[in-house]
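What follows is one structure encoded as structure tokens, with my remarks underneath.
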Amino acid sequence: MVSTASAAAPQSVNVADMGLKMTAEPAANHIEARGLNKTFGSFKALEDIDFEIRNQEFVSVLGPSGCGKSTLLRIVAGLIPYESGSATIKGEAVRAPRPDVGVVFQTNNMLPWLTVRRNVELGARIRNMPAGARDAAVDKILDVLSLTKFADAHPHQLSGGMRQRASIGQALVLDPQILLMDEPFGALDALTRDKLNVELLRIWQESRKTVMLITHSIAEAVFLSDRVLVMADRPGKIVEEVTIDLPRPRNAATTRAMPKFGEYVAYLGKVMGVAN
Amino acid sequence: MPGVSSRLAAYSQVVLFFGAFLLFWEYGVRYFEVKSYILPPISAIAVAVWEARSEIFENSMYTLAEVLIGFGAAVVVGVMLGMVVYVSPFAQRTIYPLVTALQTTPKSALAPLMIVWFGYGFISKVAMAFLFAFFPIVVATLGGFAGTAKNLEEHFRALNAGPWRTFTTLRLPSALPSFIDGCRVAMPLAMIGAIIGELVGSERGLGNLIMLGTASTRTDLVFGCIIVITLISLALYALIEFAAKSVWWRGIQV
Ligand SMILES: Nc1ncnc2c1ncn2[C@@H]1O[C@H](COP(=O)(O)OP(=O)(O)O)[C@@H](O)[C@H]1O
Ligand SMILES: [Mg+2]
């Protein structure tokens, strides 16, 4: 029931039956790491990390706290350097943050002195998006995230769930092709988390971004992902890769009720040593 | 409304307390026959202030100008130095320890030197106000910049924000609450500096008036000047408090 091999997403399209002998060039993986190592002083944070995330694929990274998940995300985001191996985005070595990559951090990144609208449009302002396009993008995102009514509120007036939604809005405003998320719902209660999972699923199903989601919630990973990478600590490495073969489009009621959903959750729990 | 009536009660307590204090002063000195060059009755002080009102007003404006210019210069130089020390590791290693060491120097001991350097006039008092106000402002500004949340800095880096954008959009607003706290401390200190300067050697100002009053045993006038100085200080402090209101995000963590 659980395959540990990567799913066979078609990378080339055979159009021979159209009489055109032509093979579409396989697009470079959106995110790729090969033999990646990272140390902090003498502490080995990541060892020999190998994975790829294909165009429009949703991949979650599960692992115990302190195993190097955030470190891995920071490397992919171009925020910190690495020692050896390679990290690439669309085939280009990662050296600095890129405009086509949006990042949602573990802590929400609202500036307390700005309104929700100003916070959401921050990235657009920093990257000098023209005012007209910016306003349209922000309006749309506030609407998608049901934050329109709170556009003029300040972050401390929002609930934790709304702040986290606004944080995602901060990343979405630039409409990045690639979205990196570091435990975006980690600080929320289970109910709010489930709701935001559904919202995230809806957004992803509409926009089909390439997503790398770091989480410590097994159910969240299974519900959202095409594939789940499981990490172990000391040193941080990827120990298991599970393809989540649940049909899409998924939705809250039916997907979570599928027997396979429970099987994936149980299996990943066993892999991570939390279930027996 | 219990809120209003309890606040009214609090105000009336304050008024009653001050009223009782002033009455005690007025009739206490008479009853105990305190010599008026030691402590004049409050009514005599009021009369002395009224009679010397134009002189007191003129000297008040002079001292106020010293305080405001000294304070303003301390803000400008303090913020600039705070910024330089924050962005430059070299300045952090060299200038910052120097500033910290100088902070412990008793500034009043510098008053005679300021007079030697800048003369008996306006400039030496501005320098004194500056010296007193400067250190709390540098330290607070630096603390404000250094206290910029690390996760927000990383967020700005992830957006490829340039140094200027990061400064104006993130560091400056982050540092403002701390900076205002520094101003709160520095404003009364600037007044103290200016007055000490005037007491040590001056031709004009409220401190000078105090010296003249003391020399001619006009204790009523001396007390009048002290009260006026206190009132000006209070007004300046209230001004800072008012400005602090616009930096409402102090202590708010989201
Ligand atoms: N800047 C750093 N300097 C030193 N050690 C670090 C640094 N960042 C992370 N670490 C260490 O690396 C390990 C992995 O951290 P992190 O990637 O944040 O883990 P996770 O996100 O999986 O909880 C931890 O042991 C942490 O203490
Ligand atoms: Mg982490």
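State which residue is nearest to A:ALA221 (Cα to Cα) when the search covers only region A:145-186 and only residues that are acidic (Asp, Glu) and assigned to a loop (DSSP other than H, G, I, E, B). Even if it seems obvious, please write down each step before you answer.
Here is the first cut: in region A:145-186, the residues acidic (Asp, Glu) are A:152, A:175, A:182-183.
Among the residues that remain, those that are also assigned to a loop (DSSP other than H, G, I, E, B) are: A:152, A:175, A:183.
Numbers: A:ASP152: 33, A:ASP175: 23, A:GLU183: 11 Å.
Looking at residues that are acidic (Asp, Glu) and assigned to a loop (DSSP other than H, G, I, E, B), I get A:GLU183.
Would you check if A:ASP182 is acidic (Asp, Glu) and within 14 Å of chain B (Cβ to nearest Cβ)? Full working, then the answer.
Details: acidic (Asp, Glu): yes; within 14 Å of chain B (Cβ to nearest Cβ): yes.
Criteria met by A:ASP182.
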Tabulated pairs, region A:49-76, first more than 15 Å from A:VAL230 (Cβ to Cβ), second within 13 Å of ligand 2 (Cβ to nearest atom) and polar (S, T, N, Q), C-beta under 7 angstrom, 6+ apart or interchain: A:SER70/A:GLN106
Scope region B:115-151; condition in contact (Cβ under 8 Å) with a residue 12 or more places away in the chain, among the polar types (S, T, N, Q) and under 29 Å from B:THR169 (Cα atoms); matching residues: B:THR141, B:THR148
Positions within region A:67-102 being within 16 Å of ligand 2 (Cβ to nearest atom) and β-branched (Val, Ile, Thr), in sequence order: A:THR71, A:ILE75, A:VAL76, A:ILE80
Failed condition for A:PHE105, given (1) modelled with pLDDT of 95 or more; (2) within 16 Å of ligand 2 (Cβ to nearest atom): (1)
Hits in region A:63-86 (condition: away from ligand 1 (no atom under 11 Å from the Cβ), at pLDDT below 95 and either under 18 Å from A:MET181 (Cβ atoms) or among the acidic types (Asp, Glu) (or both)): A:GLU83
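Specify which of the listed residues (A:LEU158, A:LEU122, A:LEU111, A:LEU147) is among the hydrophobic types (A, V, I, L, M, F, W, C) and more than 11 Å from chain B (Cβ to nearest Cβ). Full working, then the answer.
Working: A:LEU158 fails: more than 11 Å from chain B (Cβ to nearest Cβ); A:LEU122 fails: more than 11 Å from chain B (Cβ to nearest Cβ); A:LEU111 fails: more than 11 Å from chain B (Cβ to nearest Cβ).
Step by step, each of A:LEU158, A:LEU122, A:LEU111, A:LEU147 is checked, and only A:LEU147 is among the hydrophobic types (A, V, I, L, M, F, W, C) and more than 11 Å from chain B (Cβ to nearest Cβ).
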Residue among A:GLY102, A:GLY132 that is free of Cβ contacts under 8 Å to residues at least 60 places away in the same chain and not in a loop (DSSP other than H, G, I, E, B): A:GLY132
Residues of region A:107-125 satisfying the condition of being in a helix (DSSP H, G or I) and surrounded by 19 or more Cβ atoms within 10 Å (Cβ to Cβ): A:VAL116, A:ARG117, A:ASN119, A:VAL120, A:LEU122, A:GLY123, A:ALA124
Selected residue (criterion: farthest from the other protein chains (Cβ to nearest Cβ)) from residues of region B:234-254 that are surrounded by 15 or more Cβ atoms within 10 Å (Cβ to Cβ) and part of a helix (DSSP H, G or I): B:LEU236
Condition met for A:ILE126 (within 13 Å of ligand 1 (Cβ to nearest atom), in contact with a Ser or Thr (Cβ under 9 Å, 6 or more places away or on another chain) and free of Cβ contacts under 8 Å to residues at least 60 places away in the same chain): no
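The values are calculated or read from the model by the stated rules, or taken from the named source; none is laboratory data. Just so we're clear, the structure is a prediction, and the values are computed from it rather than from any experiment. Here Cβ is always computed from backbone atoms with ideal geometry, including for glycine, and neighbour counts include all displayed protein chains.
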